[in-house]
1. Being in contact with a His (Cβ under 6 Å, 6 or more places away or on another chain) and of a type in the set (Ser, Thr, Tyr) is the requirement here; does Tyr86 meet it?
2. Kindly indicate which of Pro150, Pro234, Pro171 is within 19 Å of Leu83 (Cβ to Cβ) and at pLDDT 95 or above.
3. Please determine, by comparing only the residues of the stretch 109-137 that are without any contact (Cβ under 8 Å) to a residue 60 or more places away in the chain and either part of a loop (DSSP other than H, G, I, E, B) or over 13 Å from the mean Cα position of the chain (by Cα) (or both), which one is surrounded by the most Cβ atoms within 10 Å (Cβ to Cβ).
4. Suppose we keep only residues that are assigned to a helix (DSSP H, G or I) and exposed (fewer than 15 other Cβ atoms within 10 Å of the Cβ) within the stretch 12-38. Which one would you say is modelled with the lowest pLDDT?
5. Regarding Val240, is this residue on the phi < 0 side of the Ramachandran plot, at pLDDT 95 or above and under 15 Å from the mean Cα position of the chain (by Cα)?
6. Do we have any residue at all in the stretch 72-95 that's over 30 Å from Phe185 (Cβ atoms), part of a loop (DSSP other than H, G, I, E, B), touching a residue at least 40 places away in the same chain (Cβ under 8 Å) and not small (Gly, Ala, Ser)?
7. Return yes when Ile144 is at pLDDT 95 or above and closer than 16 Å to Ser193 by Cα and no when it is not.
8. Name every residue in the stretch 153-197 that is without any contact (Cβ under 8 Å) to a residue 12 or more places away in the chain and part of a helix (DSSP H, G or I), in order of residue number.
Amino acid sequence: MAVAGRTCAGVSVRRKAIALCAFIGSEDYLNLEQNDIKALISKFEEKHDSYGRYASFDYCYNYFHPSSGNDLLGDMEKSCLALGFYLASWGMFRGSSFILEKSAKNFENLIVYIASQDSCAWSIDVDSYTSENIEFLLGQYNEIRTILVPQNTSHLTLVTKIMLGVFGSVPAYDRFFKKTFGSVFKGECGFSSLNTKSLYCLSQFYQSNKLVIDQVSSNRATVNFSSGVATKLPYTKAKVVDMYGFTKALTGT
């Protein structure tokens, strides 16, 4: 199992000069501003209510966020079920997925890992993808994969969905997201793996659409499971980027 207690480096929003042109080609590709973000987020919101599957993200993120005060290890069964139902809502228990054959108890070692994380792991967002934070995210990805996913088994969508639902730090690299952002970057920045290049590209996408993404993030909070009303936890900017990528491909716009 991966070493527990991984600490975050450079989690603050420190801007570094990123030679992004070296990643995504000519400067023409740096104009990534999109004029349909608000409209597509609105379409996503139309299907979001406390009983809909989209709220499963809210309940998962709320549960694992350090501000919840939940005893992740003291109520292991609830912790495993909270993560498992979120993943089931977002399609991870279907088809040929290996976890289709597993019970919620399969998540125990992963819950131990999540509980070992410093609270700064919940502070990393797409607006703070510094080189140090990207290194941390890649390490976290590999640790989750090692703990949960058997060797020679696909892991990109599953692990990024876990990182999104638990930490809110990266979008889920599913087929909808990859279709949208493959088109946005005109194939110059692939999203077939969570790597330095793809995270730098998402950082640039955020910078190009900062005003609208920040506005959506600040105006959208998660929903409380018990009351069905908004909490004080805003959607992360990475979650907003995920919503855009998912909805744009889903609606075929």
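1. Numbers: in contact with a His (Cβ under 6 Å, 6 or more places away or on another chain): no; of a type in the set (Ser, Thr, Tyr): yes.
Against the criterion (in contact with a His (Cβ under 6 Å, 6 or more places away or on another chain) and of a type in the set (Ser, Thr, Tyr)), Tyr86 does not qualify.
2. Within the list Pro150, Pro234, Pro171, the selection yields Pro171.
3. Per the criteria, the residue is Ile111.
4. Restricting attention to the stretch 12-38, the residues satisfying the condition of being assigned to a helix (DSSP H, G or I) are 21-24, 27-30, 37-38.
Narrowing the set further to residues that are exposed (fewer than 15 other Cβ atoms within 10 Å of the Cβ) leaves 21-22, 27-28, 30, 38.
Numbers: Cys21: 46, Ala22: 48, Glu27: 42, Asp28: 47, Leu30: 54, Lys38: 93.
Going through the qualifying residues, I end up with Glu27.
5. Yes; evaluated as a whole, the condition is true for this residue.
6. yes
7. Criteria met by Ile144.
8. Passing the criteria: Gly182, Ser183.
The values are calculated or read from the model by the stated rules, or taken from the named source; none is laboratory data. Being a predicted model, the structure only gives us computed values, none of them experimental. Heads up, the Cβs are rebuilt from the backbone with ideal geometry, glycines too, and the neighbour counts pull from every protein chain shown.
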